[in-house]
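First the structure, in the form of structure tokens, and then the observations on it.
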Amino acid sequence: MEAEIRAEFESSGFSIGGAGPEDAAQILSTLLTYCINYKMSPADLVSNWEVYYLNRQLDGLKLERSYLDGFLSHLQNEVKERLIEEEANLHVYSSNDVDMLLNNSHADEAPFLDTPGSKQEKLPGESSTTELTPLTSDRPSSSRMAKTNGDRITPFATRVNKFTQQYVLNSDNAASMPSKHEAETTEDELIRRIQPSQRCSLQVQRSQPEPGCRFMYDRMEDRFNYLEDRIRKLATLFSASGVCGEPADATLASEEKMFAVGMVTCDGEGRLNEKSILLQGSVEHSRGERVRLDLKDLDHFSLFPGQVVGIEGRNPSGHCFVASKLIDSIPVSVDAQLPSAKKQAVDNGSHHQNSDAGTLSRALSSVIAAGPYTTTDNLLFEPLQELLSYACRKQPQLLILMGPFIDSDHPDIKKGTVDQSFHDIFYSEVLRKIQDFTQYLGNTVRVILIPSVRDAHHDFVFPQPAFDLNLPEDITHQISSLANPSLFSSNQIHFGCCTVDILKQISGEEISRKPPGGKPGDRIGRLATHILKQQSYYPLYPPAGGVPLDFSLAKEALEISSTPDVLLLPSDLAPFVKVLSLGEGSDDQKQFICLNPGRLAKGIGGGTFVELYYNEDTSRTNASIIRI
């Protein structure tokens with residue numbers, strides 16, 4: 001089985017070794033022990049290693065002995081989380097539980113010592129940290145267990161290192177970022193770079209499909225048309241860019257050098273590797289036929305199934321196209337126009353706001369978070385309450401909340417132990433808290449809600465329509481819901497957002513080769529740029545398991561017609577904020593910010609979110625990853 005483990009790692013681009021050959025044997029023996037102890041196949045072990053490798057941002061592609069201890073801890077945490085998900089009432093005890101018991105030895109006596117007056121003063125579901133927020137918390141709990149345990153001290157309430165910064169982008173501009181002491185201050189209003197009276201603008205460039213759309217009716221013809229349109233569109237752009245000539249038929253035998261455009265596919269149902277790469281051309285140029293690709297002459301590449309690329313080379317035999325050059329992107333125009341066919345202006349407030357829209361500078365303060373918004377041991381939505389409390393103190397102009405809100409993977413949701421409908425939980429535990437937040441801050445704040453395919457109360461389809469909120473008229477101008485994915489702008493800053501975990505899915509399918517002697521590249525950044533190079537929020541094909549991709553809705557909804565200033569890609573991978581570039585080395589180079597805020601709740605503990613202050617361009621933009 002050790003040979004299978006080695007072969008699986010090598011097929012994924014990793015090598016096993018150390019200072020000597022005996023190190024490789026010891027590493028393989030240890031990995032075999034992991035497979036036996038945790039009942040994993042070699043493929044499962046490599047998948048877990050890739051997640052650990054990406055989250056830790058390790059250098060190089062060699063698995064060394066120094067990484068094994070950390071990898072073992074990662075496997076143990078994965079097993080523990082899986083057990084907690086399978087058994088909702090199972091609790092894995094730790095040293096924190098012992099400290100809690102020692103510090104609360106008289107907890108059983110508390111109900112007898114409380115007077116009726118003291119019980120009325122403490123609201124149901126109120127934790128020890130909710131005193132920081134002016135928001136109301138007298139809402140009914142969403143499950144019977146939450147009602148009976150509303151006054152208990154939860155692991156989330158006893159967490160440490162609250163609101164600490166894990167990473168700061170452009171930390172040299174210290175004047176615009178709060179210190180650790182300021183982040184914990186509840187009285188000072190910390191973000192005053194843009195006065196709260198300056199309400200941000202909001203314009204929706206693309207939010208499709210519409211609520212109430214018809215789905216689950218896509219046909220094989222829709223799937224074919226979607227893939228064919230992608231190939232033909234990029235082939236046209238390759239030709240128009242002047243980088244290459246007209247695309248030719250790569251399946252024809254020829255000693256002449258030719259240029260072909262097609263989609264990368266795999267010759268089987270397994271994972272893509274260098275021996276199984278096929279190029280599928282369009283019906284127009286090659287009748288939709290496929291040809292095997294030989295990449296031995298390329299010193300570097302990065303490919304995944306569904307990627308549309310331009311290939312230059314020869315096909316001497318008619319059965320194998322020998323590539324000499326690979327082009328995976330077209331020149332980016334900095335002045336690319338956003339889609340104008342369907343622009344929805346959300347600014348319907350007073351006339352002076354509309355008149356000032358053209359004079360607003362490209363500056364915006366925002367807080368960005370992605371669900372789940374409650375821990376796996378209850379449905380009290382404490383992380384959401386804490387996030388809104390933080391936003392009340394910071395007073396950002398824009399609060400972007402991405403799903404899932406009612407997570408279908410939550411143990412109580414999966415087992416059906418809640419005594420309310422999913423819609424009732426969403427409106428009572430999520431939407432009412434957000435309404436209280438907007439009423440407290442007034443008209444100076446906007447909130448954007450974007451759904452996820454993991455939302456139990458919403459349509460299970462991708463692309464996904466926006467929530468139908470049915471809000472009162474006096475608050476509709478503050479709380480907006482957009483589709484997944486969507487493209488919108490605020491203060492002339494363009495945002496693109498997709499809540500499907502496309503980064504993690506591409507990372508599991510991508511194969512790459514780096515130049516000989518080259519330094520290890522930024523793999524997360526490379527995966528993110530793939531999305532913009534392909535001009536699609538979901539370029540992976542076939543789609544990953546669990547993604548309900550509807551091809552009849554995908555053509556316009558998934559298209560990225562221009563590079564946004566900020567690309568939001570929430571993922572289970574480690575949170576990050578990066579400044580990336582398209583068209584490096586050319587005159588029309590375009591820089592953008594890509595960020596993954598992480599999950600606001602992780603297991604029974606807290607996760608992370610991002611505070612972003614965009615100021616004119618990426619060089620003067622500040623962003624910080626903050627632990628809730």
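The values are calculated or read from the model by the stated rules, or taken from the named source; none is laboratory data. Source: prediction; values computed, not measured. No Cβ is skipped: glycine too gets one built from the backbone with ideal geometry, and neighbour counts run over all protein chains shown. SASA here: full protein model, heavy atoms, side chains in, ligands and nucleic acids out. Shrake-Rupley method; radii C 1.70, N 1.55, O 1.52, S 1.80 Å.
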| remark: Dipole check, segment 398-449, charges on Cβ (K,R +1; D,E -1), about Cα centroid: among GLY403, THR417, GLN439 the Cα furthest to the positive pole belongs to GLN439
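With only Lys, Arg, Asp and Glu charged, each at its Cβ (+1 for the first two, -1 for the last two), find how big the charge dipole of segment 244-327 is about the Cα centre; round to the nearest 20 debye. Let's see the in-between values first.
Details: 9 positive and 13 negative charges, 36 e Å.
Computed charge dipole of segment 244-327: roughly 180 debye.
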| message | I'd like to check one number: the per residue accessible area of segment 404-487, probe 1.4 Å, reported in Å² as a whole number. | response | 34
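How much length is gained if the chain between GLU10 and GLN198 is pulled fully straight, taking 0.36 nm per residue apart and subtracting their Cα-Cα distance, in nm to one decimal? Spell out each step's value before the answer.
Details: separation 188, 0.36 × 188 = 67.68 nm, distance 5.55 nm.
Extra length available between GLU10 and GLN198 comes to 62.1 nm.
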| field | Tensor-based shape of segment 225-337 (alpha-carbon gyration tensor, a/c under 1.5 rounded, otherwise prolate or oblate) | value | rounded
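Keeping all protein chains in place, calculate the accessible area per residue for segment 1-87 (probe 1.4 angstrom), answer in Å².
Details: 4750 Å² over 87 residues.
Per residue, segment 1-87 has 55 Å² of solvent-accessible surface.
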| said: Nothing charged except the Cβ atoms of Lys and Arg (+1) and of Asp and Glu (-1): what's the magnitude of the dipole of segment 487-614 about its Cα centre? Round to the nearest 20 debye. | reply: 460
| query | Under a plain spin-label model, where a point goes 7 Å from the Cα along Cα-to-Cβ, how far apart in nm are GLU473 and ASP172? | reply | 5.3
| note | Along segment 20-32, Karplus-curve 3J(HN,Hα) (6.51, -1.76, 1.60; θ = phi - 60°) to the nearest Hz, with x for Gly and Pro, reads x, x, 5, 5, 4, 5, 5, 5, 4, 5, 5, 5, 5
| field | Rounded to whole Hz, the Karplus (6.51, -1.76, 1.60) HN-Hα couplings of segment 487-493, x for glycine and proline | value | 9, 8, 9, 9, 6, 6, 9
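Keeping every protein chain present and rolling a 1.4 Å probe, give me the accessible area per residue for segment 244-327 in Å².
Values: 3750 Å² over 84 residues.
Normalised by residue count, the accessible surface of segment 244-327 is 45 Å².
Find how much the distance from LYS296 to GLU255 grows on full extension, using 0.36 nm per residue of separation minus their present alpha carbon separation; answer in nm with one decimal. The partial results should precede the final answer.
Details: separation 41, 0.36 × 41 = 14.76 nm, distance 1.74 nm.
Here the answer is 13.0 nm.
What does the C-alpha gyration tensor say about the overall shape of segment 488-555? Classify as rounded when a/c is under 1.5, otherwise prolate if a/b is larger than b/c, or oblate. Walk me through the numbers before you get to the answer.
Details: a/c = 2.61, a/b = 1.31, b/c = 1.98.
In terms of gyration-tensor shape, oblate.
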| request: Can you bin segment 535-588 into rounded, prolate or oblate? Criterion: square roots of the alpha carbon gyration tensor eigenvalues sorted a ≥ b ≥ c, rounded for a/c under 1.5, prolate for a/b above b/c, oblate for the rest. | output: oblate
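Which of the peptides 541-547, 497-503 is most tightly packed, and how do the rest follow, judged by the mean count of other Cβ atoms within 10 Å per residue?
Numbers: 541-547: 14.9, 497-503: 24.9.
The most tightly packed comes first, giving 497-503, 541-547.
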| query | Projected onto the charge dipole of segment 1-87 (+1 at Lys/Arg Cβ, -1 at Asp/Glu Cβ, origin at the Cα centre), which of MET40, VAL79, ILE5 gives the Cα projection farthest towards the positive end? | reply | ILE5
| FRET E, pair ASN161, GLN76, Förster distance 22 Å, beta-carbon r, rounded to 0.05 | 0.55
| said: Just to make sure I understand: if all protein chains stay in place, what is the order of LEU553, LEU449 by accessible area at 1.4 Å, largest first? | reply: LEU553, LEU449
| request: Order the peptides 377-389, 450-462 from the highest to the lowest mean number of other Cβ atoms within 10 Å of their residues. | output: 377-389, 450-462
| task | Express the carbon and sulfur contribution to the solvent-accessible surface of segment 244-327 as a percent, rounded to the nearest whole number, probe 1.4 angstrom. | result | 46
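Give the carbon-plus-sulfur fraction of the accessible surface of segment 1-87 in %, rounded to a whole number; probe 1.4 Å, heavy atoms of protein chains only.
Working: 2170 of 4750 Å².
The computed percentage sits at 46.
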| note | Non-local residues with an amide H under 5 Å from the amide H of CYS497, with H modelled 1.01 Å from N and Pro and chain starts lacking one, are SER486, LEU568
| Label GLU269 and ARG287 with points 7 Å out from Cα along Cα→Cβ: what is the distance between them in nm? | 2.8
| Taking θ as phi - 60°, what are the ³J(HN,Hα) couplings along segment 456-470 by the Karplus curve (6.51, -1.76, 1.60), each to the nearest whole Hz, with x for Gly and Pro? | 5, 9, 10, 4, 8, 7, 9, x, 10, x, 6, 5, 9, 7, 6
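What is the extension gain from SER66 to THR30, computed as 0.36 nm multiplied by their sequence separation minus the C-alpha to C-alpha distance, in nm to one decimal?
That works out to 11.7 nm of additional length.
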